[in-house]
Amino acid sequence: MKNNKLVSVIGALAIGLGISGMASAATITGGSPFTATGTIGVSGPSSFGATVNCNVVFNGTINAGGASANINTVTVSGSGLCALPSITGLPWTLTPSTTTDGGETWLGTVSGVGFTIAGAPPLIPASNCAGPTTINVQWTNSNHTLRVTSAQALAGNCNIRSLNVQAPAISVN
Amino acid sequence: MRNKNNILSANTHRTLWIAALAGSMLAASQVQAGAFGVPTYGTPGWGRAFAGGSMWKNDPSAAFNNPAAMAFIDHNVAQVSVHHARISLKYKGNVYDNQGNPRSDRDLEFDPAGNPTGNIIDNGPITNDGGQGGFGKALPTSFLVMPINDRLSFGLSQVVPMGAQTTWDGDWKGQDFAVDTKIETVGLTGSLSFKVNDAFAVGGGVIVQHTKGFISQNLDLLAAAGTPSSQLPLGLPPGISDALIRVKVDNTSFGWFAGVAWKPTSRDTLGINYHARIRNKLEGDYNIHADQYSYDLLTNPLFPPVFGDATAIELAFPGLNLNPDGADAKSRLDVPASATLDWVHEFNDRFSLGASVTWTQWSSFKELKLESNGNTLVVIPYDYKDTWMYSIGGDYRVTNELTLRAGVALDQTPTRNSTRDARIPDGDRTFVSFGGSYRFASEPNLSIDAAYSHQFVDKARLRTVNQDRLGGARMDGEVKAKGDVFSLSATYKF
C-alpha cells in the first residue's frame, strides 16, 4: 500500500515536472524554410590558431512542432582561408531551450557542428574538426540574431570564436 | 710663387700628389651630417665647422664647394684629407607588432615529416635593443686647384656628397624596420673659374658620382598577411617569419654646381654657391635569406585546389611578387640641391672669422621606393623637409708656422617625427670643432692640418608605423646619437 502511494507521488511529481517543462519549452515559429546570413569567426590548426572571419549563410527548415530547426546547408565565403572549409555533420540542429528574460533572449544549442580543412603541405596544416560537436548559442528575438557569446571549442583543436547571423523570418517563443 | 728650394722637383711633386689624389678616390665612406648628406670639406674646413666655406685664402676645397673662389688662388694647391668618423647610435624603446603586443619571437611547430602542425611556440618578447647601431670608418677627400692663367683656374676634386650607415643586430626588436643601411658615394669633379676682375669671380663645374646602396631588414610575412590591407586576412601571430631581404643597388650619375665669389673689401670675401639636385636612379638586385617555411611561403602555391598557383604573398598583396632567390631591384635616391652663402672677414693678419648659411632642399626626398621587374615592392614615405645649417668659426695664426682654428655649426635634421625610422634616425645636431695647421719652416709649401669635431645630436624620437606589407609593426622609442670626427690632411702648394 505504501509502495503504491509512493509510486503515485512520484508519478504526480513526474507529471508535474513534465507540465512545468512543457510550459517553458521554446518553439521556433515563422517561415520555413528560412535563411540566416551573417559572419562566423573560426580558428584551427590551418590558421595556426588565428581567427579567420568569414561570411556565412545557413539554410534550414523548422522541424515539426517547432522545438528545433535543422540547418541543412552552411555556405562559408570570404577571402583567404574562408574558401577552404568543408562543412560536416549536416544537418545541424538548432534547439532553443530556456529564456533568460521572459522570452526576448533564448539559450540553446546547435548540435552536429563540424568542419574539415584539407591541409596543403608544407604550408597549411590540415584541420580535422568534424566532431560532431554541440555548441551553445543565444537567440535574440528583437533582432532575429543567432550568436555565440563565448568561444566554442570544437573537436580537433578548432574553435568558433564568433557567430552572428540574422534570420528575419523566424522567432522563438 | 713656386718655392725654389723644394727638395723634390716640381714634376716629382705633381706626380706624387696626383697619385695621392687617385689613391684617395679608391675608397669612400661617410661622415654623417643631416640625414645622409655629408660635408664636403678638407680638414681645415672641419676644424672651423665649415664656417666660411671655401672662401678662405688658398683653400683648394673651392674646387667643389665654390669653384669661383679658385680664381683667387695663385698657386697650384693640392690637398688630401682623411676623415675618420665614429658614430654612436643606441635605441631605447619598444616595438609593437600589428596586434599591439610587444614584438615577440615565435616559431612554428613541425611534425616529423617537416610539415607545420598548426601549433606555435612563443619564445616571448624580444628584448634586444639593437646593440650599437653606429659605425667607425674613414673617408678620403681630395682637392686640386691649378691656375691656368691670370683669369682662369682649373679644379679637380674627390668628394663624398652623400653617405650614411646604420647596423643593428639582426635579431633586434626593430628587425622589421631595419637591420643594415649603407649609402656610399664617391664623386669626382672638374671645375673652372673665371676672374672677372680682382674683386669678382664666377665658377662652375660638373660632378660624376657613383652611389652604392645596401639595405636589409626582416620581412614578417605572416604578420603582413594579417594586416588590414592584406587580401588574405589571417591575423596570424607576428614574429614567426624569418626572412631577411637584402637589397643592393648602385648607379653613376652626373650633376653640376656653380658659384660666385666677391671681395667687397680687401678684408672680406663673400661667396654663394649652388649645387644642383643629382637625380640618382639606382639599379641592382635583391634576395631573401628565409627560413624554410618562409621560403615555401614565397615560392609554393598556398592552396592549389582553391587559389591556383598563387603564393600566399601574391594572394595577400595582389601584384606583389617576391623571389627569395633574387631578382632585379630599382630604387631612387637623389642628392638634394643646396645653396650656401659664405663670408670670411680678416680682422688682422692673425685673426679671421667666417660664417656660413646653407639651405638644402631635402623636401625633394619624398619616399624610398623599391621596384622589381616593373612591380612596386614597397614604398616607404619619408617626406623630408628643407633644412638650414648655420656655422661660425675662425682661424688664429699663433706663429708663422702654427694656426689654430675652431668653429660651431647648427645643422637641422630633415627628418620628421612621423616618418623617422631606424634606417636614418637623424636629429638636429651641433658640430663643435677644433683644429690647427702647421707649416714646416723647412718646407713652407707643405702644411699639415688636424681637426676634431664632435657632434651633439638631439634625441631622435621614433614613432614609425611600418608599411602593412612589411608587417605593420610600430616603433615607440628614441635613438641617442653622437659622433666624433678626426681629420688629418696635407696641403701642398707647388
Of the residues in segment B:301-312, those that are surrounded by 20 or more Cβ atoms within 10 Å (Cβ to Cβ) and either away from chain A (no Cβ under 11 Å) or aliphatic (A, V, I, L, M) (or both) come to B:Leu302, B:Ala312
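For segment B:452-469, how many residues meet the condition of being more than 20 Å from the chain's Cα centre (by Cα) and either buried (at least 21 other Cβ atoms within 10 Å of the Cβ) or farther than 22 Å from B:Asn218 by Cβ (or both)?
Of the residues in segment B:452-469, the ones more than 20 Å from the chain's Cα centre (by Cα) are B:463-469.
This time we only want the ones that are either buried (at least 21 other Cβ atoms within 10 Å of the Cβ) or farther than 22 Å from B:Asn218 by Cβ (or both), so: B:464, B:466, B:469.
Final tally of qualifying residues: 3.
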Subset of segment A:117-134, residues more than 13 Å from chain B (Cβ to nearest Cβ), under 14 Å from A:Val42 (Cβ atoms) and either touching a residue at least 60 places away in the same chain (Cβ under 8 Å) or hydroxyl-bearing (Ser, Thr, Tyr) (or both), comes to A:Thr133
Mind listing just one residue for me: the one in segment B:420-451 that is hydroxyl-bearing (Ser, Thr, Tyr) and surrounded by fewer than 17 Cβ atoms within 10 Å (Cβ to Cβ) and, of those, farthest from the chain's Cα centre (by Cα)? B:Ser442
Which of the numbered conditions does A:Gly66 fail, given that it passes all the others? Conditions: (1) assigned to a loop (DSSP other than H, G, I, E, B); (2) crowded, with 20+ Cβ neighbours inside 10 Å. (2)
With respect to A:Gly38, determine if the residue is more than 12 Å from chain B (Cβ to nearest Cβ), closer than 30 Å to A:Leu123 by Cα and in contact (Cβ under 8 Å) with a residue 40 or more places away in the chain. yes
Residues of segment A:28-61 classified as over 19 Å from A:Trp106 (Cα atoms), small (Gly, Ala, Ser) and part of a loop (DSSP other than H, G, I, E, B), total: 4
Applying the selection to segment A:44-70, what residues are more than 9 Å from chain B (Cβ to nearest Cβ) and small (Gly, Ala, Ser)? A:Gly60, A:Ala64, A:Gly65, A:Gly66, A:Ala67, A:Ser68, A:Ala69
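Please verify whether B:Thr376 is within 14 Å of chain A (Cβ to nearest Cβ) and either modelled with pLDDT under 95 or surrounded by fewer than 17 Cβ atoms within 10 Å (Cβ to Cβ) (or both), treating the condition exactly as stated. Before the answer, list the steps.
Working: within 14 Å of chain A (Cβ to nearest Cβ): no; either modelled with pLDDT under 95 or surrounded by fewer than 17 Cβ atoms within 10 Å (Cβ to Cβ) (or both): yes.
Against the criterion (within 14 Å of chain A (Cβ to nearest Cβ) and either modelled with pLDDT under 95 or surrounded by fewer than 17 Cβ atoms within 10 Å (Cβ to Cβ) (or both)), B:Thr376 does not qualify.
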Residues in segment A:138-151: is at least one within 14 Å of chain B (Cβ to nearest Cβ) and of a type in the set (S, T, N, Q)? no
Any residue at all in segment B:162-183 that's surrounded by 18 or more Cβ atoms within 10 Å (Cβ to Cβ), of a type in the set (Lys, Arg) and under 23 Å from the mean Cα position of the chain (by Cα)? yes
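Go through segment B:205-231 and give me each residue that's of a type in the set (A, V, I, L, M, F, W, C) and either away from chain A (no Cβ under 14 Å) or surrounded by fewer than 24 Cβ atoms within 10 Å (Cβ to Cβ) (or both).
Kept after step one, since they are of a type in the set (A, V, I, L, M, F, W, C), are these residues of segment B:205-231: B:206-208, B:214-215, B:219, B:221-225.
Selection gives B:Val206, B:Ile207, B:Val208, B:Phe214, B:Ile215, B:Leu219.
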Within segment A:72-116, track down each residue that is within 14 Å of chain B (Cβ to nearest Cβ), under 15 Å from A:Val56 (Cβ atoms) and assigned to a strand (DSSP E or B). A:Val76, A:Ser77, A:Ser86
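Pick from B:Leu315, B:Leu298, B:Leu333: which is modelled with pLDDT under 90, out of contact with any His (no Cβ under 7 Å at 6 or more places or on another chain), surrounded by 15 or more Cβ atoms within 10 Å (Cβ to Cβ) and more than 28 Å from B:Thr252 (Cα to Cα)?
Working: B:Leu298 fails: modelled with pLDDT under 90; B:Leu333 fails: more than 28 Å from B:Thr252 (Cα to Cα).
Criteria check complete, one pass: B:Leu315.
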For the subset of segment B:262-282 comprising residues that are modelled with pLDDT of 95 or more, farther than 19 Å from B:Ile207 by Cβ and not charged (D, E, K, R), which member is nearest to the chain's Cα centre (by Cα)? B:Leu270
Residue identified as surrounded by fewer than 18 Cβ atoms within 10 Å (Cβ to Cβ), touching a Pro at 6+ places or on another chain (Cβ under 9 Å) and either within 12 Å of chain A (Cβ to nearest Cβ) or not hydroxyl-bearing (Ser, Thr, Tyr) (or both) among B:His275, B:His289: B:His289
Starting from segment B:103-121, keep only residues that are touching a residue at least 40 places away in the same chain (Cβ under 8 Å) and at the interface with another protein chain (Cβ under 9 Å from one of its Cβ atoms), then list their pairs with residues that are hydroxyl-bearing (Ser, Thr, Tyr) and crowded, with 18+ Cβ neighbours inside 10 Å whose Cβ atoms are within a distance under 8 Å, requiring at least 6 positions of separation or different chains. B:Leu108/B:Tyr293; B:Pro116/B:Tyr293
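Go over the candidates B:Gly407, B:Gly435, B:Gly394 one by one and state the one that is in a strand (DSSP E or B), farther than 30 Å from B:Tyr91 by Cβ, touching a residue at least 60 places away in the same chain (Cβ under 8 Å) and touching a helix residue (DSSP H, G or I) at 6+ places or on another chain (Cβ under 6 Å).
On the way: B:Gly407 fails: touching a helix residue (DSSP H, G or I) at 6+ places or on another chain (Cβ under 6 Å); B:Gly394 fails: touching a helix residue (DSSP H, G or I) at 6+ places or on another chain (Cβ under 6 Å).
Result of the check over B:Gly407, B:Gly435, B:Gly394: B:Gly435.
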Set A:Gly78, A:Gly89, A:Gly131, A:Gly119: member being buried (at least 17 other Cβ atoms within 10 Å of the Cβ) and under 30 Å from B:Asn300 (Cα atoms): A:Gly119
Could you pull out the residue among B:Phe365, B:Phe351 that is of a type outside the set (Ser, Thr, Tyr) and buried (at least 19 other Cβ atoms within 10 Å of the Cβ)? B:Phe365
Looking at segment B:152-166 only, could you name the residues that are at pLDDT 95 or above and not hydrophobic (A, V, I, L, M, F, W, C)? B:Ser153, B:Gly155, B:Ser157, B:Gln158
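The values are calculated or read from the model by the stated rules, or taken from the named source; none is laboratory data. All values derive from a computational prediction rather than experimental measurement. Cβ: placed from backbone, ideal geometry, glycine included. Neighbour counts: every protein chain shown.
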